[in-house]
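Enquirer: Submitted below is the structure of interest, expressed as structure tokens.
The values are calculated or read from the model by the stated rules, or taken from the named source; none is laboratory data. The structure presented is a predicted model; accordingly, all values stated were derived computationally and were not measured. Neighbour counts are summed over all protein chains in view; Cβ atoms, including those assigned to glycine, are modelled from backbone coordinates with ideal geometry.
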Amino acid sequence: MGLCTSKPSTDRSIHVSYPPSEPPTNAAVAVGDGGVERPDASSADESLTSDDQRRKERTELENVKKSPFFPFYSPSPAHYFFSKKSPARSPAPNAPTGGNSTPKRFFKRPFPPPSPAKHIRAVLARRHGSVKPNEASIPEGSEADGMAALDKSFGFSKHFGNKYELGDEVGRGHFGYTCAAKFKKGELKGQQVAVKVIPKVKMTTAIAIEDVRREVKILRALTGHNNLVQFYDAYEDSDNVYIVMELCEGGELLDRILSRGGKYSEEDAKTVMIQILNVVAFCHLQGVVHRDLKPENFLFTTKDENSQLKAIDFGLSDFVKPDERLNDIVGSAYYVAPEVLHRAYGTEADVWSIGVIAYILLCGSRPFWARTESGIFRAVLKADPSFDEAPWPSMSPEARDFVKRLLNKDPRKRITAAQALSHPWIKSSNDVIKVPLDIIVFKLMKSYMRSSSLRKAALKALSKTLTVDELFFLKEQFALLEPNKNGTISLDNIKSALMKHATDAMKESRIPDFLASLNALQYRRMDFEEFCAAALSVHQLEALDRWEQHARCAYELFDKDGNRAIMIEELASELGLSPSVPVHAVLHDWIRHTDGKLSFLGFVKLLHGVSSRTFVKAQ
Ligand SMILES: Nc1ncnc2c1ncn2[C@@H]1O[C@H](COP(=O)(O)OP(=O)(O)OP(=O)(O)O)[C@@H](O)[C@H]1O
Ligand SMILES: [Ca+2]
Ligand SMILES: [Ca+2]
């Protein structure tokens, strides 16, 4: 765990690639010096990505101008040397003089350095190339050489200069800088905007160009959420791409956390969390995963204490279909979810990052702390964050439960952003909370619709054991789907509820296609009782301390109502086991010897049945 008391000198994301033979899963802690500020803009690189072409291109790029270090990471003395020697970025017009626009600050190191592991240094060297200080400068002409082959035309409007007058730099990132700007003429003359300027000379790979194209596409598609920076337009000329958006004048969330000495009261943390969860739930419903959620990527609109928070920087975001898993290792080390490191993830990865932000907001420390990137990864994969040290014991049990449920290492057990908004800790806030529609409901309904009547009966029994808190989310979702309040929902209701919230992003992430899997609902309606059975997540319930109790209680209900004599072969097929598996030996325990009905073990297996079958099919 690392105490979060200061901010490194710049804010940006990096892309680190891992050869398939070297997933970071086995990463160990490497030696590091600690206590030094974040590397400067030209050398640091904090977001990660895989994918063959991407890997190749990025590795080449990284060898030339990136270091393996992440934000918040305390670089070794060698790296410090390296970053001081790094070439300065080309300054923005009107950039404040005196080097970096963000002052350098320092992190305290609360724990002794972890033990060195030489082989990890070797892995890092292989991954990033052995960068000597003087290799940090980009060789003259190297970018220009590669540029000839790359198509850097985006089809954006060409008249940025006619319309806007660039003002002072307000922020800086890995690929570009952000300036305030004003409309030159027309009705909006004098009105301020923010312009993220991305120099084309920095787009040295096809992937980098594609990232900019996608950033604009996503910003353009995701419109209409109060907690999302408003996009106005994108322009280009031969030198730059210009992303014009609303100007947020209140600074980054990270700065506010730091100015409060790292800690927020529970009530203040809730206000921040509600806004983050709302915008992320919105993105997820649209089929967009942000992939770089961290306090630097949330800005306040004004300097006011109660200012609205806006999500920015969709530079690493992507569209994800409801059933799809992404495999790029992308993100920022302290915030990266375990399944991202395992290269199979979806929108749940963003929720993990929100969990890290929540942990930092509430206690001022990072939940997964090490002095190297690989050490952080190992902590993310293996370590449980501490809730024993101050101030956690004095916090409400709901706050601890909330953070734990966001930081569940199993993405299937982790709650979603919309579910987090119905968590008792958030519900107890003074703010008014509207729980948004959650795509997980449709995913679970799809699995339910494909289940046998035996499994449906098991799920129904389980749904009867839900507590008031657990039912709250389902009630809210049902209400969103049931406009006529007649107690039942149809496929049309689901379609229109989705369309009501649709943006252009939904088409890209194929959410309408996904609805076809609920076609069975075309011929009938579903009441709330059945909806609870259909939309509950067995995995999420399993994560609860009281799961055993839930399951026992559900089994008793099922035994009374739905249990019946069952053949081992039937159970095998129910669970999607291939006939070639010697099922008798395995399944024997799952059938009650006295009457041939399902045993408790068999019942629990059955509850998971369809998901394991889908999993087997997907392999
Ligand atoms: N709309 C805005 N209003 C005010 N400042 C902004 C705005 N958008 C971005 N900034 C500032 O510019 C910084 C860099 O922007 P952004 O994070 O989008 O760039 P980036 O190059 O993608 O960065 P990274 O290196 O994190 O990937 C932000 O951290 C913020 O301080
Ligand atoms: Ca950023
Ligand atoms: Ca970015």
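Enquirer: Of all residues in the stretch 236-277, count the ones that are within 16 Å of ligand 1 (Cβ to nearest atom), under 19 Å from the mean Cα position of the chain (by Cα) and of a type in the set (A, V, I, L, M, F, W, C).
Expert: Count: 3.
Enquirer: Take E169 and tell me if it is in contact with a strand residue (DSSP E or B) (Cβ under 6 Å, 6 or more places away or on another chain) and under 20 Å from Q230 (Cα atoms). Spell out the reasoning first.
Expert: Details: in contact with a strand residue (DSSP E or B) (Cβ under 6 Å, 6 or more places away or on another chain): yes; under 20 Å from Q230 (Cα atoms): yes.
It is true that E169 is in contact with a strand residue (DSSP E or B) (Cβ under 6 Å, 6 or more places away or on another chain) and under 20 Å from Q230 (Cα atoms).
Enquirer: Quick one: which of K446, K413 is of a type outside the set (D, E) and either under 19 Å from the mean Cα position of the chain (by Cα) or part of a loop (DSSP other than H, G, I, E, B) (or both)? Full working, then the answer.
Expert: Working: K446 fails: either under 19 Å from the mean Cα position of the chain (by Cα) or part of a loop (DSSP other than H, G, I, E, B) (or both).
After applying the criteria, what remains is K413.
Enquirer: Ok, one more. For the stretch 369-383, what are the residues that are free of Cβ contacts under 8 Å to residues at least 60 places away in the same chain and not in a helix (DSSP H, G or I)?
Expert: Within the stretch 369-383, A383 is the sole residue that qualifies.
Enquirer: With respect to H225, is the statement that it is in contact with a helix residue (DSSP H, G or I) (Cβ under 9 Å, 6 or more places away or on another chain) and at pLDDT 95 or above true?
Expert: Criteria met by H225.
Enquirer: Another question about this same structure. Being within 16 Å of ligand 3 (Cβ to nearest atom) and over 24 Å from V403 (Cα atoms) is the filter here; which residues of the stretch 327-342 pass it?
Expert: Answer for the stretch 327-342, where residues must be within 16 Å of ligand 3 (Cβ to nearest atom) and over 24 Å from V403 (Cα atoms): just D328.
Enquirer: Which count do you get for residues in the stretch 305-326 that are under 18 Å from D211 (Cα atoms) and more than 16 Å from ligand 3 (Cβ to nearest atom)?
Expert: Step one: list which residues in the stretch 305-326 are under 18 Å from D211 (Cα atoms), which gives 311-320, 326.
Keeping just the survivors that are more than 16 Å from ligand 3 (Cβ to nearest atom) gives 319-320, 326.
Within the stretch 305-326, residues that are under 18 Å from D211 (Cα atoms) and more than 16 Å from ligand 3 (Cβ to nearest atom) number 3.
Enquirer: Report whether or not C179 is more than 24 Å from N278 (Cβ to Cβ) and buried (at least 16 other Cβ atoms within 10 Å of the Cβ). So that I can check it myself, show each step before the final result.
Expert: On the way: more than 24 Å from N278 (Cβ to Cβ): yes; buried (at least 16 other Cβ atoms within 10 Å of the Cβ): yes.
Criteria met by C179.
Enquirer: Out of V330, V340, V336, which single residue is buried (at least 24 other Cβ atoms within 10 Å of the Cβ), more than 25 Å from A497 (Cβ to Cβ) and modelled with pLDDT under 95?
Expert: Every option except V330 fails the conditions.
Enquirer: Please name all residue pairs, on different chains or six or more residues apart, with Cβ atoms under 8 Å, provided the first residue is in the stretch 541-569 and is within 30 Å of K409 (Cα to Cα) and the second residue is among the acidic types (D, E) and modelled with pLDDT of 85 or more.
Expert: L541/E470; A543/D410
Enquirer: Give just the number: which of (1) more than 14 Å from ligand 1 (Cβ to nearest atom); (2) under 27 Å from T503 (Cβ atoms); (3) more than 31 Å from the chain's Cα centre (by Cα) does Y164 not satisfy?
Expert: That leaves (1) as the condition not met.
Enquirer: Just give me the residues in the stretch 446-478 being at pLDDT 95 or above and either more than 30 Å from S599 (Cα to Cα) or among the acidic types (D, E) (or both), in sequence order.
Expert: Matches in the stretch 446-478: F472, F473, K475, E476, Q477, F478.
Enquirer: Then there's this: Please work out which one of (1) within 16 Å of ligand 1 (Cβ to nearest atom); (2) at pLDDT below 95; (3) hydrophobic (A, V, I, L, M, F, W, C) is the condition F298 fails and give its number.
Expert: Tallying (1) within 16 Å of ligand 1 (Cβ to nearest atom); (2) at pLDDT below 95; (3) hydrophobic (A, V, I, L, M, F, W, C), F298 fails exactly one: (2).
Enquirer: Return yes when Y359 is part of a helix (DSSP H, G or I), in contact with a strand residue (DSSP E or B) (Cβ under 6 Å, 6 or more places away or on another chain) and among the hydroxyl-bearing types (S, T, Y) and no when it is not.
Expert: Working: part of a helix (DSSP H, G or I): yes; in contact with a strand residue (DSSP E or B) (Cβ under 6 Å, 6 or more places away or on another chain): no; among the hydroxyl-bearing types (S, T, Y): yes.
Judged against the criteria, Y359 is not a match.
Enquirer: Right, another one. Mind checking which residues of the stretch 200-237 are within 16 Å of ligand 2 (Cβ to nearest atom) and part of a strand (DSSP E or B)?
Expert: L228, F231
Enquirer: Which of the residues spanning the stretch 269-300 are touching a Phe, Trp or Tyr at 6+ places or on another chain (Cβ under 6 Å) and away from ligand 3 (no atom under 16 Å from the Cβ)?
Expert: G287
Enquirer: Taking K456 as the residue in question, decide whether it is surrounded by fewer than 18 Cβ atoms within 10 Å (Cβ to Cβ), in a loop (DSSP other than H, G, I, E, B) and out of contact with any Ser or Thr (no Cβ under 6 Å at 6 or more places or on another chain). Working first, answer last.
Expert: Numbers: surrounded by fewer than 18 Cβ atoms within 10 Å (Cβ to Cβ): yes; in a loop (DSSP other than H, G, I, E, B): no; out of contact with any Ser or Thr (no Cβ under 6 Å at 6 or more places or on another chain): yes.
In short, no.
Enquirer: Test K200 against the criterion of being basic (K, R), over 24 Å from K303 (Cβ atoms) and either within 15 Å of ligand 1 (Cβ to nearest atom) or in contact with a strand residue (DSSP E or B) (Cβ under 6 Å, 6 or more places away or on another chain) (or both), and give yes or no. Spell out the reasoning first.
Expert: Values: basic (K, R): yes; over 24 Å from K303 (Cβ atoms): yes; either within 15 Å of ligand 1 (Cβ to nearest atom) or in contact with a strand residue (DSSP E or B) (Cβ under 6 Å, 6 or more places away or on another chain) (or both): yes.
Considered against the rule, which asks whether it is basic (K, R), over 24 Å from K303 (Cβ atoms) and either within 15 Å of ligand 1 (Cβ to nearest atom) or in contact with a strand residue (DSSP E or B) (Cβ under 6 Å, 6 or more places away or on another chain) (or both), K200 comes out as yes.
Enquirer: Separate question: Can you pull out every residue in the stretch 278-294 that is under 22 Å from D431 (Cα atoms) and within 16 Å of ligand 1 (Cβ to nearest atom)?
Expert: Start the filter on the stretch 278-294 by keeping residues that are under 22 Å from D431 (Cα atoms), which leaves 278-283.
Answer for the stretch 278-294, where residues must be under 22 Å from D431 (Cα atoms) and within 16 Å of ligand 1 (Cβ to nearest atom): V279, C283.
Enquirer: Further question: What are the residues in the stretch 244-295 that are on the phi > 0 side of the Ramachandran plot and crowded, with 23+ Cβ neighbours inside 10 Å, if any?
Expert: At the first step, the residues of the stretch 244-295 found to be on the phi > 0 side of the Ramachandran plot are 251, 261-262, 287, 291.
Correct list: G287, R291.
Enquirer: Okay, next question. Please work out which one of (1) within 16 Å of ligand 3 (Cβ to nearest atom); (2) touching a strand residue (DSSP E or B) at 6+ places or on another chain (Cβ under 6 Å) is the condition Y235 fails and give its number.
Expert: Exception for Y235: condition (1).
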